[in-house]
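The values are calculated or read from the model by the stated rules, or taken from the named source; none is laboratory data. Just so you know, these numbers come straight off a predicted model, no measurement behind them. Cβ placement follows ideal geometry from the backbone for every residue including glycine, while neighbour counts extend to all protein chains displayed. Ligands, DNA and RNA are stripped out before the accessible areas are found, and what is left, the full protein with its side chains, is counted by its heavy atoms. Shrake-Rupley method; radii C 1.70, N 1.55, O 1.52, S 1.80 Å.
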Amino acid sequence: SVEHKSTGGARYDVDSGGKHYGIADKAVSFAMPCPNTPGKASKLYQQFEEAQQISEKEIQVKLDISAELLVMAWEEAIEEDESHEVTPDSLIELIHSHKGSAIEKYMAWKLLRSDMAHVFFKDLKNHGRVVAFKAKAPKAVEAAKDQFCQTRVDEEICFT
C-alpha cells in the first residue's frame with residue numbers, strides 16, 4: 001500500500017513473508033508495475049533477482065547494446081531531443097525499435113547508471129529517485145571519457 005505525504009513524497013508498506021516494512025519513496029531506486037497474476041509476478045520477480053546480479057558486460061550482451069550504440073544514443077539525444085533526456089524505455093526503443101519489457105527497462109536503467117554510461121549521461125532525479133538521464137555537453141563528455149579511460153584502457157569506449 002502507499003501513503004502519500006503532504007510534502008509530495010510517499011511511503012510504501014511492503015509485506016515480505018508476513019513481515020511489514022515501511023519504505024520511503026526516496027529509498028526506492030527503481031519501480032516497475034507488477035503483473036496481476038501470481039505466476040507472472042513470480043516470474044518477473046525471478047527475472048528481476050537475476051538481473052540484479054549480472055555485470056555491466058552481461059547487461060550489454062543481453063540488451064545487445066555496445067559502447068558504440070551508447071555513443072549513438074548520446075549523439076541522438078544531443079542532436080534530436082530538445083531536453084537531451086534519455087529514459088531506459090527510450091534507449092531500448094531507439095536501439096531496437098520496440099517498447100522494452102519491464103526487465104529490459106530495468107537492465108537499461110542499470111546500464112545507464114554504470115560508470116561507462118556516466119561518461120555520456122548524468123542522472124536526473126525526482127524526489128531522490130533517478131527517473132531519466134540527461135546527455136552531457138560534448139566538452140564534458142571528452143573530459144569524462146579521458147578520466148574514465150585513464151583507469152580502464154581496455155574498455156571498448158576508449159577506442160571510439
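Structure notes:
- Being open to solvent by less than 80 Å² (accessible area, probe 1.4 Å) and free of Cβ contacts under 8 Å to residues at least 24 places away in the same chain is a description that does not apply to Ser66.
- Of all the numbered requirements in (1) under 30 Å from Glu156 (Cα atoms); (2) in contact (Cβ under 8 Å) with a residue 12 or more places away in the chain; (3) in a helix (DSSP H, G or I), Lys26 misses one, and that requirement is (1).
- Residue ID - surrounded by the most Cβ atoms within 10 Å (Cβ to Cβ), chosen from residues in the range 42-63 that are of a type in the set (S, T, N, Q) and in a helix (DSSP H, G or I): Gln60
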